[in-house]
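These notes are about the structure you will find just below.
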Amino acid sequence: MLDAAAADRAITRGRIVTLLGVAALAGLYVMAVLYTPTERFQGLVQKIFYVHPPAAYAMQLAFVMTGIASALYLWLRDARLDAFAEASAEVGMWMGAIVVITGPIWGRPVWGTWWEWEPRLTFTVIELLVFAGYFALRSAMREPAERAKFAAVVGVTALVLVPFNHLTVYLFASQHPTPVVVGTKKPELPPEMLRAFLTGFATFTVLYLGFAMQRYGIGVRRLLEETADAA
Amino acid sequence: MRTVLRAALAIAAKDLRIETRNRTAMLTAGAFAILVQLVFVFARPPGEVSLSLLAPSVLWITFALAGLVVLNRAFLLEREQAAIEGILLAPVSRMALFWGKWLANAVLVVAVLTLAFPLWLLFFNVAPSTSLLGVYGLAVLAALGFTGAGTLFAAMTARTRYAELLLPVLLLPFLIPPIFAGASGSIRLLQERPFDEVAGWLRILVMYDVAFLATASLLFPFVVDE
């Protein structure tokens, strides 16, 4: 099932996709600086929003993919699914790191505090902690098949936690700006802003794919080394 | 269905019988629950932060931490002399094993809660009222879902070398929604707010219980299969 040549191919392809993503990110920065208007009340700091929500989306995408790959692993017991679940979770951790770093940078001038215990930011932190536990458990286990199985159980359970995560966003008073793109029927953003915003989402999807493919290849290689050591 | 129930009850009875004989979980978790409360009493400037203000938070922190102590023990017990293998060899479904272990854990966590609750009333000068029954009820409700996820995770961490370390790290993020809902509901109950304001939190707790008990019971067979 595990194949070293396929792993190397995944890494090479992942590099190409990541380069595309990085180029798109550079384009997104140019767009944000030169093309979009400056928001009247928040000023330049608003431009962080071409990165912050897309990173949050990429984190959620990554963790959901981990959950799906985990469920499939429990069913099919294919080590490649475990390698992908791990890869996706790790990329998700980094995307989450971008969210919790860019959030306070925006929050300081706009809310007046670096950190606000605002539901969505809080639950990003909780998601990160869930996956910190996921990696702690992985690191404590040596036997690949058992590690994969246990990690998959956590991955699926983490997926069940996600709706509770989102539920709270709507139930609790929130200081977070309400979504203007998804929340209303007609987008009210100026078209330039909307285009840059959507470019951000596309860019982070490509970046997620590129990173996850590379990390998947590395994961498969590691699994091969482990089984070679054991034999 | 009935055989599953009977097997689950037998497993729970076994765990609870072991507990009534050596009382390790109750003694450690009970003492621990008291200590957590004492730490809160002493970790505050006495004249400045009133105990009644801290009371609801302390109850939920105590509950979560003491619950972890109970859960940690559940599968470490089975690891001694590889007792779990005896159960796995028995013609008992894995589902029944989950429900049995869960029931024993839930009973023990509720027992520790029942022990800590009057002490909490005493230590934190909580005014006696009928809404305290509601607070206790919220805690019991939270305990059901909490032990569901906890039983699943404890079965896994007990198989590693760092069980006592891993379980809190793995489980606590999953406890934040029920603790949040439970504590928010309790605060409103203690302030004698109308029931409408508690209903939403109650609903979250019920949904959490259903979701995590169902998930844990479905995933548990994967954790114990060889």
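Two numbers describe the Cα atoms of region B:1-103: Rg and Dmax, which are 18.5, 61 Å. Per the Debye formula on identical point scatterers at the alpha carbon atoms of the protein assembly as shown, with no solvent, log10 I(q)/I(0) at q = 0.09 Å⁻¹ is -0.69.
For region B:17-108, applying the loop criterion from DSSP together with a ceiling of 15 other beta carbons within 10 Å to the trypsin sites (Lys or Arg not before Pro) yields B:R23. Shape class for region A:1-69: oblate, because the ratio a/c of the largest to smallest gyration tensor axis (alpha-carbon atoms, square roots of eigenvalues) is 1.5 or more and b/c is at least a/b.
The relative contact order of chain A comes to 41 percent, based on Cα pairs under 8 Å that sit 6 or more residues apart. Taking chymotrypsin sites (Phe, Trp or Tyr not before Pro) across region A:1-73, the ones in a DSSP loop with at most 11 further Cβ atoms lying within 10 angstrom of their Cβ are A:F41. Label region A:1-128 by shape, choosing from rounded, prolate and oblate, from the square roots a ≥ b ≥ c of the eigenvalues of the Cα gyration tensor; if a/c is under 1.5 it is rounded, and otherwise prolate applies when a/b is larger than b/c, oblate when it is not. Since a/c reaches 1.5 but b/c is at least a/b, the shape of region A:1-128 is classed as oblate. Calculated mean residue ellipticity, 222 nm, chain A: -27000 deg cm²/dmol, from DSSP H runs (n ≥ 4) at -39500 (n - 2.57) each, averaged per residue and rounded to 500.
With a/c under 1.5 counting as rounded, go ahead and sort region B:2-224 into rounded, prolate or oblate using the C-alpha gyration tensor (a ≥ b ≥ c being the square roots of the eigenvalues; past the cut-off, prolate if a/b is larger than b/c, else oblate). Prolate, since a/c reaches 1.5 and a/b exceeds b/c. Tell me what chain B gives for mean residue ellipticity at 222 nm when only DSSP H runs of n ≥ 4 count, each as -39,500 (n - 2.57), the sum divided by the residue total, rounded to 500 deg cm²/dmol. Only helices count here, giving -29500 deg cm²/dmol. Reducing region A:199-219 and region B:150-223 to their Cα centroids gives an inter-centroid distance of 33 Å. Expressed as a fraction of 2.2 N^0.38 Å, the value expected for a compact globular protein of N residues, the C-alpha radius of gyration of region A:4-230 is 1.10.
Read-outs: derived from the displayed coordinates by stated rules, not from any lab. What you are looking at is a predicted structure, and each value in this text was computed from that prediction instead of being measured. FYI the Cβ positions are ideal-geometry reconstructions off the backbone, even for glycines, and counts take in every protein chain you see.
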